[in-house]
């Protein structure tokens, strides 16, 4: 179990609690990328965005659009306790090879539909194709898992849309029982 807080001292010498950095794992799902026929741009774009927010990248990988490979990576990363957040990018549409949602649902303990709903609603303001997204989001053990689109811009935009709730959700998964006020707009 990850320890989300560590003690520190501020100027007056009083103890303060500051959260440990979130640890993220990024899984790019791409047949062409896994065969070396396409360079992954979405995974690095997500890693950069997260890094700018103080998130540690625990691991990154790429797999083909195969349910077993996707499910195995998500389960392994969740079960190891090395990642608080797993992001998948790619495979959320309706093409025959788009199986990321099915693979994700196979290994989730609980679905958290609000994340997917916000991502689709936000994306609809940019493209009508957002309604075709089948992305699912949920929890396995103490890890939050989010399916994101395969395009770099779409992946980052969707993560940005739900980010205000991500740190709170991770704290709750890790046992923080304090009542957290939502971020001010």
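Annotations for the structure displayed:
- Residue list for region 50-71, restricted to those being farther than 12 Å from residue 22 by Cα and in a helix (DSSP H, G or I): 67, 68, 69, 70, 71
- Given (1) in contact with a strand residue (DSSP E or B) (Cβ under 9 Å, 6 or more places away or on another chain); (2) surrounded by fewer than 12 Cβ atoms within 10 Å (Cβ to Cβ); (3) at pLDDT 60 or above, index of the condition residue 15 fails: (3)
- Against the criterion of being in contact (Cβ under 8 Å) with a residue 60 or more places away in the chain and either touching a helix residue (DSSP H, G or I) at 6+ places or on another chain (Cβ under 9 Å) or surrounded by 15 or more Cβ atoms within 10 Å (Cβ to Cβ) (or both), residue 28 qualifies.
- In region 39-71, the residues that are surrounded by fewer than 17 Cβ atoms within 10 Å (Cβ to Cβ), out of contact with any strand residue (DSSP E or B) (no Cβ under 7 Å at 6 or more places or on another chain) and closer than 10 Å to residue 26 by Cβ: 44
- Neighbours by Cβ (under 6 Å, 6+ apart or cross-chain): first from region 64-80, in contact (Cβ under 8 Å) with a residue 24 or more places away in the chain; second assigned to a loop (DSSP other than H, G, I, E, B): 65/91; 65/97; 65/99; 67/99; 77/83; 78/141
- Selection status of residue 1, outside any helix (DSSP H, G or I), modelled with pLDDT under 95 and within 25 Å of residue 142 (Cβ to Cβ): yes
The values are calculated or read from the model by the stated rules, or taken from the named source; none is laboratory data. Only a predicted model underlies this, so the values are computations on that prediction, with no experimental measurement involved. Quick reminder, even Gly has a Cβ in these numbers, built from the backbone with ideal geometry, and neighbours come from all protein chains shown.
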